[in-house]
Amino acid sequence: MGNTEKIILGGGCFWCTEAVFKMLRGVVSVVPGYAGGEGVPTYEKVSSGNTGHAECTEVEYDPSEISLENILTVFFASHDPTTVNRQGADIGTQYRSVIFYTNDGQKKMIEGFITGLNSSSEFGKPIVTEVLPLDKFYRAEAYHMDYYERNKSAGYCELVINPKLEKVQHKFAELLKNQN
């Protein structure tokens, strides 16, 4: 394994983004958490919508195994990047579409990727995803870690997460870890 990089992705509920990115080959770790707000966040504070933090996942990946372009492709395909502060029934700034980059190379790649999406007609509406430098990432509370794995039969997992995972599995089969 080569050197790893980290990128912080906010695409709605972090239970969803964690489950999606854990499936990808070359992804070393996925940690749910919070970024982009004021003060030290807790789930209760962030859920109020008053802290400015977004629910995010810290994705650590090996660029020799998965490209940032592939990560961005999956990210944009697995949530709606054209709605402001909303993903489905989850509404509020904590659910906004946002990417926190950790170096200038990432910033350049992300901005170019979004420009490409906007010039294609893939989404039909402009991308509203914020692109910001990472100030600080806060790990979520322990009970959010591996939420999908531990709660597959919960209603939210069956109704919201399962369809996302199926879409990613179908559309990006070549990027998935071996499903032994």
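The values are calculated or read from the model by the stated rules, or taken from the named source; none is laboratory data. Just so you know, these numbers come straight off a predicted model, no measurement behind them. Every residue, glycine as well, gets a Cβ built from its backbone with ideal geometry; the counts of neighbours run over all protein chains shown. Just the protein is used for accessible areas: all its heavy atoms, side chains included, with ligands, DNA and RNA removed. Shrake-Rupley method; radii C 1.70, N 1.55, O 1.52, S 1.80 Å.
Values as computed for the structure displayed
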{"read-out": "Solvent-accessible area per residue for the stretch 66-116 (1.4 angstrom probe, square angstrom)", "value": "40 Å²"}
{"read-out": "Per residue Cα convex hull volume in Å³ - calculated over the chain", "value": "120 Å³"}
{"read-out": "Cβ-Cβ FRET estimate between Thr4 and Lys136, R0 fixed at 25 Å, reported to 0.05", "value": "0.85"}
{"read-out": "Relative contact order (%) - the chain, alpha-carbon pairs under 8 angstrom, separation at least six", "value": "31 percent"}
{"read-out": "Per-residue HN-Hα couplings for the stretch 21-33 [Karplus 6.51, -1.76, 1.60; θ = phi - 60°; Hz; x = Gly/Pro]", "value": "6, 5, 7, 8, 5, x, 8, 7, 8, 9, 10, x, x"}
{"read-out": "Cross-link table Lys45/Lys171; Lys108/Lys152; Lys108/Lys164, entries beyond 31 Å C-alpha to C-alpha", "value": "Lys45/Lys171; Lys108/Lys152"}
{"read-out": "Span per principal axis, largest first, for the Cα atoms of the stretch 73-147 (Å)", "value": "40, 32, 20"}
{"read-out": "Gaussian network model of the chain, springs between alpha carbon atoms under 10 Å - residue of Gly112, Gly33, Gly52 with greatest fluctuation", "value": "Gly112"}
{"read-out": "Val28 long-range amide H proximity, modeled H, under 5 Å", "value": "Glu60, Tyr61, Asp62"}
{"read-out": "Length gained when the stretch Lys167-Glu122 is fully extended (0.36 nm per residue, less Cα-Cα span)", "value": "14.6 nm"}
{"read-out": "Principal axis dimensions, the stretch 14-117 - Cα atoms, whole angstrom, descending", "value": "39, 28, 26"}
